[in-house]
Structures are given as structure tokens and as C-alpha cells.
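Enquirer: First the structure, then my questions, so here it is.
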Amino acid sequence: MNRRTLIGAVAASAALPLLTRVASAQTSPKTRNVVFVHGLFADGSCWSKVIARLQQKGVNCTSVQNPLTSLHEASEAARRAIAAQPGPTVLVGHSFSGMIVSEVGVDPKVTALVYVAARAPDAGEDYTALAKNYPTPPATAGIVFNDDWGQLSEAAFLRDFAGDLPPEEARVLYAVQQPFKRALTTEKTTNAAWRTKPTFYAVSSQDRTINPDLERFMAKRMGAKTIEIEASHLGLISHPDAVASLILQALNV
């Protein structure tokens with residue numbers, strides 16, 4: 001090896017640790033914590049596939065078990081989870097829990113918001129009235145109430161909620177859905193965190209639970225970084241790679 005080659009080899013060797021650190025910085029999220037909140041007809045396990053992908057990136061994940069009793073109690077459960085995080089946190093909500101994201105996302109610890117086929121009302125806005133501007137999604141007709149507690153029928157769950165999942169997987173999810181209290185769906189948020197925080201939205205283009213055009217309207221109104229997934233309402237389960245990728249973008253804000 002001549003002198004010039006030797007010098008080049010030494011220089012390359014010396015630069016390797018620096019290049020490794022740069023590459024690591026490019027792939028390592030700025031924010032390391034994510035709090036997930038689930039919506040109606042589900043429980044905290046619905047985020048499992050997304051969580052597994054983020055954990056592989058070294059992200060600390062917490063999935064809230066939403067009580068689905070009142071907006072106040074659901075918001076308090078999310079606030080407790082955020083308070084328990086060791087640092088800055090991205091808040092992610094699916095379906096109804098977009099209201100929780102909007103309500104509690106004003107927390108200073110929250111750095112960005114991610115809505116996945118989720119409600120995104122303005123502060124004090126009547127979401128039910130907003131939704132009436134669009135055709136009623138088929139899943140609404142499948143809600144069955146037992147006194148004040150509602151859940152989806154199995155037929156509606158498989159067809160209108162989890163329509164792009166294998167039936168055997170959808171039936172397991174149907175079995176673990178949590179009932180919700182009737183009054184929960186009529187409450188209004190007092191905050192609209194998306195007005196002050198970086199916001200991301202995943203639209204489910206084949207959604208039969210929330211009208212996809214309503215999702216597009218809310219995402220556009222928020223000025224959210226938006227992706228579209230050719231998915232049912234459960235895009236977080238049928239397309240976890242796409243949802244995890246969007247969350248990683250939020251973690252790097």
C-alpha cells in the first residue's frame with residue numbers, strides 16, 4: 001500500500017464513526033414517546049401492529065384504555081398517560097378519539113398530533129351537525145344499544161368497520177370491542193389543539209364508519225400533512241406500515 005492509499009484509508013476509518021452518527025441521527029426520531037388513544041368499537045390493543053413497528057425504531061409507546069364513558073373521563077385517562085411519559089410526546093388518535101386528541105393535545109408536552117380516520121372538531125363545534133353535511137356512513141345503522149351502552153352488531157362490524165380485514169381477524173376484534181355510553185357521542189370539545197400543534201392525518205378512502213369526504217374536509221381545515229390509505233375504518237390494522245410511517249414523520253417534527 002502506497003502512502004497516498006494509506007492516508008486515504010486512515011481518513012476513511014476516522015470518518016466512519018461520524019458518518020454512522022449522522023446516519024443514526026437521520027433515522028432516529030427527535031421525539032421518542034407516543035401515546036395512542038382508541039375510539040369506539042375498540043380497545044387499546046387495536047394499536048398493536050403499529051406499536052410493534054415503532055418499537056423496532058426504539059420508540060416508547062403507550063396505548064390508553066379509553067373508558068368510553070364521557071369526554072371528560074376519556075380525556076383524563078389520556079392526560080394521565082401523557083403525564084407519565086419521560087419527555088416530549090406525540091399524541092395519536094383513531095376514530096372518536098380524535099376528539100380526545102383535540103381536547104388534551106394542548107398539553108405542553110405534546111409536540112405533534114396524528115389523526116387516523118378520526119374526528120377533528122373545532123373547539124365547541126357540534127360534530128354530529130358537521131357530519132350531517134355528508135352522507136351518513138353505513139356503520140351508523142349497525143349500532144345496537146343496551147340501555148345507555150352501545151356497540152356495533154357483528155354484521156356491521158365485519159362489513160362496515162373492519163371490511164378489509166380477514167373475517168377471522170375481524171371477529172376477534174369484534175369480541176374485544178368495548179361498549180360506549182350514549183352521551184359520549186354528543187359532547188363537545190373545549191380545545192382545538194390542531195390550531196397550534198403540527199398535525200398529521202391518515203384518511204381511509206374506503207371508510208364506512210366516518211365518511212371519507214368528511215375526513216378530507218377536516219384534514220384540509222387543519223392544514224394537516226395528509227396521506228390517503230385505501231382502507232376501511234381500521235387502516236391502523238390493515239395498513240400498519242403506512243400509519244407507522246406517518247407517525248414517524250410526526251416524531252421528527
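The values are calculated or read from the model by the stated rules, or taken from the named source; none is laboratory data. Fair warning: this is a prediction, and the values are worked out from it, not measured in the lab. Note that each Cβ is placed from the backbone with ideal geometry, even for glycine, and that neighbours are counted across all protein chains shown. Remember, those area values only see protein heavy atoms, side chains included, never the ligands or the DNA or RNA. Shrake-Rupley method; radii C 1.70, N 1.55, O 1.52, S 1.80 Å.
Enquirer: Is it the case that the stretch 113-134 has a residue that's among the β-branched types (Val, Ile, Thr), part of a strand (DSSP E or B) and open to solvent by 70 Å² or more (accessible area, probe 1.4 Å)? Please lay out each step first, then the result.
Expert: Looking only at the stretch 113-134, we keep the residues that are among the β-branched types (Val, Ile, Thr), and these are 114, 116, 128.
Subset that is part of a strand (DSSP E or B): 114, 116.
Among the residues that remain, those that are also open to solvent by 70 Å² or more (accessible area, probe 1.4 Å) are: none.
No.
Enquirer: Could you list, in sequence order, the residues of the stretch 82-103 that are over 26 Å from Ala231 (Cβ atoms) and either outside any loop (DSSP other than H, G, I, E, B) or touching a helix residue (DSSP H, G or I) at 6+ places or on another chain (Cβ under 6 Å) (or both)?
Expert: Selection gives Ile82, Ala83.
Enquirer: Separate question: Can you pull out the residues in the stretch 73-100 that are open to solvent by 70 Å² or more (accessible area, probe 1.4 Å) and touching a residue at least 40 places away in the same chain (Cβ under 8 Å)?
Expert: Pro86, Pro88
Enquirer: Give the residues of the stretch 192-204 that are more than 13 Å from Thr111 (Cβ to Cβ) and open to solvent by 30 Å² or more (accessible area, probe 1.4 Å), sorted by residue number.
Expert: Arg195
Enquirer: May I pose another question? Taking only the stretch 149-167 into account, find how many residues are farther than 18 Å from Ala231 by Cβ and either modelled with pLDDT under 95 or out of contact with any helix residue (DSSP H, G or I) (no Cβ under 8 Å at 6 or more places or on another chain) (or both).
Expert: 1
Enquirer: If you go through the stretch 244-253 one residue at a time, how many are in contact with a Lys or Arg (Cβ under 8 Å, 6 or more places away or on another chain), open to solvent by 10 Å² or more (accessible area, probe 1.4 Å) and within 15 Å of Gln55 (Cβ to Cβ)?
Expert: Total meeting the criteria: 1.
Enquirer: Please indicate, with yes or no, whether at least one residue in the stretch 169-191 is surrounded by fewer than 23 Cβ atoms within 10 Å (Cβ to Cβ), part of a loop (DSSP other than H, G, I, E, B) and on the phi > 0 side of the Ramachandran plot.
Expert: No, every residue in the stretch 169-191 fails to be surrounded by fewer than 23 Cβ atoms within 10 Å (Cβ to Cβ), part of a loop (DSSP other than H, G, I, E, B) and on the phi > 0 side of the Ramachandran plot.
Enquirer: Here's a check for you: in the stretch 205-243, which residue that is within 16 Å of Val114 (Cα to Cα) and more than 14 Å from the chain's Cα centre (by Cα) is most open to solvent (accessible area, probe 1.4 Å)?
Expert: Filtering first and then ranking leaves Lys220.
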